[in-house]
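In what follows, a structure is listed as structure tokens, so that the remarks can point back to it.
The values are calculated or read from the model by the stated rules, or taken from the named source; none is laboratory data. Only a predicted model underlies this, so the values are computations on that prediction, with no experimental measurement involved. Cβ coordinates were reconstructed from backbone atoms using ideal geometry, including for glycine residues, and neighbour counts include every protein chain displayed. Heavy atoms of the whole protein, side chains included, go into the accessibility calculation; ligands, DNA and RNA do not. Shrake-Rupley method; radii C 1.70, N 1.55, O 1.52, S 1.80 Å.
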Amino acid sequence: MIIQIIMLCVIALLIVSFFVLVPVGLWISAVAANVKVGIFNLVGMKLRRVMPRKIIFPLIKATKAGIIVTVNQLEAHYLAGGNVDNVVNALIAAERAGMNLSFEKASAIDLAGRNVFEAVTMSVTPKVIETPLIAAVAKDGIELMVKARVTVRTNLERLIGGAGEATVLARIGEGIVTTVGSSLTHSEVLENPDEISKLVLDKGLDSGTAFEIISIDIADIDIGRNIGANLQSLQAEADNKIAQARAEERRAMAVALEQEMRAAVVQAEAEVPKAMAQALREGHIGVLDYYKLQNVLADTEMKKNIGSGANAYAESRKDS
């Protein structure tokens, strides 16, 4: 009795292990979809740490769509870290759109980090990218704020190694700034905004990118600041400060010159008593002449004081 129970347990364990190790349900689904895959292949996938459903379901989808792919191709792409389901969806979309896209090309795009299904969809249905407001200044100094809508589609041949949307937007911004900057007046740009689109589109801005630019449409143009007037105002303010600095420099030089002249006068006045003493000693002037000179100087000083007092009195009367 015990042996029978043990045997039943062993058989049950084997059955459970078989269904855990062998995805019978997945194998039945593959056979029902007319997908040729052996049950031992499914076991081998589990041993290679490959999720069978990640391979079998995309394989069923591809087979039903008429896409020829093998289990080994899908499994190799899965082990390389790719998105098998995304690649199969891209192959089906490309085949329906009449595009020539091989499995190797699609898997390479997927492994390069691009969304291959989105790329195929975008190649069939172009995408519209809107630029931010781009500030550009015409030759008359008026700033214009330009917003453009760019219609692009994926170029599958340049998708690997090609630049992305950021590069396209940067080149378009550069083209708009150059085009507006070469215009004589801002009114020319406002009158013919389509000229911006034509000139920018002729520059071949999609070269080296993963996209092909179909059209560039100017969505909005706003008038911004008068950059020319602001620059002239700043230049005038700078010139005024320079002139003030130079005037202050000249004033300081004049004050210094005045101080030097006053010092020279004081020095000359200091020499007068020495000269008088020398003249007295040598007999060129007499004592009476010296006293007369002193009287003249005293009278002059007195008259100066009287004149300054009269002027002060007149000023006080005027104020009152």
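Report those helices (runs of 4 or more DSSP H) wholly inside the stretch 124-213 carrying at least 2 residues which are open to solvent by 20 Å² or more (accessible area, probe 1.4 Å) and at pLDDT 85 or above. Spell out how you get there, then give the answer.
Working: elements: 165-181, 186-191, 194-201.
Because the criterion is at least 2 residues that are open to solvent by 20 Å² or more (accessible area, probe 1.4 Å) and at pLDDT 85 or above, the helices (runs of 4 or more DSSP H) in the stretch 124-213 that meet it are 165-181.
For A106, state whether it is in contact with a Leu (Cβ under 8 Å, 6 or more places away or on another chain), free of Cβ contacts under 8 Å to residues at least 60 places away in the same chain and surrounded by fewer than 17 Cβ atoms within 10 Å (Cβ to Cβ). Show your work before the answer.
Working: in contact with a Leu (Cβ under 8 Å, 6 or more places away or on another chain): yes; free of Cβ contacts under 8 Å to residues at least 60 places away in the same chain: yes; surrounded by fewer than 17 Cβ atoms within 10 Å (Cβ to Cβ): no.
When the stated conditions are applied, A106 does not pass them.
Hey, any hits in the stretch 222-232 for a residue that's out of contact with any helix residue (DSSP H, G or I) (no Cβ under 7 Å at 6 or more places or on another chain), of a type in the set (G, A, S) and surrounded by 13 or more Cβ atoms within 10 Å (Cβ to Cβ)?
yes
Keeping to the stretch 175-227, report how many residues are among the basic types (K, R), touching a strand residue (DSSP E or B) at 6+ places or on another chain (Cβ under 6 Å) and without any contact (Cβ under 8 Å) to a residue 60 or more places away in the chain. Let's see the steps before the verdict.
Here is the first cut: in the stretch 175-227, the residues among the basic types (K, R) are 198, 203, 225.
Filter once more, keeping what is touching a strand residue (DSSP E or B) at 6+ places or on another chain (Cβ under 6 Å): 225.
Within this subset, residues satisfying the condition of being without any contact (Cβ under 8 Å) to a residue 60 or more places away in the chain are none.
Of the residues in that region, 0 qualify.
Among the residues in the stretch 94-109, are any assigned to a helix (DSSP H, G or I), farther than 20 Å from G162 by Cα, modelled with pLDDT of 85 or more and in contact with a Ser or Thr (Cβ under 7 Å, 6 or more places away or on another chain)?
no
Every residue in the stretch 110-123 that is open to solvent by 30 Å² or more (accessible area, probe 1.4 Å) and either assigned to a strand (DSSP E or B) or not polar (S, T, N, Q) (or both), please.
Passing the criteria: L111, A112, G113, R114, F117, E118.
Kindly list, by first and then second residue, each pair from a residue in the stretch 251-280 that is closer than 26 Å to Q294 by Cβ to a residue that is open to solvent by 60 Å² or more (accessible area, probe 1.4 Å) and part of a helix (DSSP H, G or I), limited to pairs with Cβ atoms under 6 Å and residues at least 6 apart or on different chains.
Listed by first residue and then by second, the contacts come to nothing, as the list is empty.
Taking A33 as meeting all but one of (1) in contact with a helix residue (DSSP H, G or I) (Cβ under 7 Å, 6 or more places away or on another chain); (2) at positive phi, write down the number of the exception.
Condition not satisfied by A33: (2).
Anything in the stretch 30-59 that is small (G, A, S), touching a residue at least 12 places away in the same chain (Cβ under 8 Å) and not in a loop (DSSP other than H, G, I, E, B)? List them, or say none.
In the first step, residues of the stretch 30-59 are kept if they are small (G, A, S); the result is 30, 32-33, 38, 44.
From what's left, touching a residue at least 12 places away in the same chain (Cβ under 8 Å): 30, 33.
A30, the sole residue that qualifies.
Can you tell me how many residues within the stretch 37-77 are aromatic (F, W, Y) and open to solvent by less than 60 Å² (accessible area, probe 1.4 Å)?
Initially, the stretch 37-77 is screened for residues aromatic (F, W, Y), giving 40, 57.
Okay, now just the ones that are also open to solvent by less than 60 Å² (accessible area, probe 1.4 Å), so none.
Total satisfying the criteria: 0.
What number of residues in the stretch 92-113 are under 12 Å from V69 (Cα atoms) and either β-branched (V, I, T) or in contact with an Asp or Glu (Cβ under 8 Å, 6 or more places away or on another chain) (or both)?
1
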